[in-house]
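Heads up, the thing below is written out as structure tokens.
Bear in mind that the values in this text are calculations on the coordinates, not laboratory data. Bear in mind the structure is a predicted one, so any value in this text is a computation, not a measurement. Cβ coordinates were reconstructed from backbone atoms using ideal geometry, including for glycine residues, and neighbour counts include every protein chain displayed.
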Amino acid sequence: MGYIPVEEYSHAPEILKHSRAIGEKFDLYNDAVFQTEISGMRWDDKSARWIVSTNRNDAIRAKFVCLASGPLHRPKLPGIPGIEAFAGHSFHTSRWD
């Protein structure tokens, strides 16, 4: 892409801008489905395709399905007793300073 990040560890807006540039350059937006969760998948022998159901009531037919993100899009904060009284500096990796 020929892009050099402004900082060594880029902040979210810069990463988002770069991600969008990649999507536009390689024309990925026409076939992308954003902000959507898969609610089920079943194999259809007749068409030799996966039927992928989503939380938007889609029935997407796919030759290949790659499962990669899992539950990582929802941060799980630790249930440590007394954490709310901790006076030191702390942060969760899903909520960087």
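General observations
- Positive-end residue of Phe64, Met1, Trp96, charge dipole of the chain with Cβ unit charges: Phe64
- Kirkwood estimate for the range 42-97, i.e. one over the average of 1/r between Cα atoms, Å: 15.4
- The chain, relative contact order [Cα under 8 Å, separation at least 6], %: 12
- Other residues with beta-carbon under 14 Å from the beta-carbon of Glu14 carry, at +1 per Lys or Arg and -1 per Asp or Glu, a net charge of 0.
- DSSP loop chymotrypsin sites (Phe, Trp or Tyr not before Pro) with at most 11 other Cβ within 10 Å: longest gap in the chain: 35-63
- Kirkwood Rh and Cα Rg combined as Rg over Rh, evaluated for the chain: 1.10
- Between the exposed loop cleavage positions of the chain, defined as trypsin sites (Lys or Arg not before Pro) in a non-H, G, I, E, B DSSP state with at most 15 neighbouring beta-carbon atoms within 10 angstrom, the longest gap is 1-45.
- Report summary: the helix-based calculation at 222 nm, which adds -39500 (n - 2.57) for every DSSP H run with n ≥ 4 and divides by the residues of the chain, gives -4500 deg cm²/dmol.
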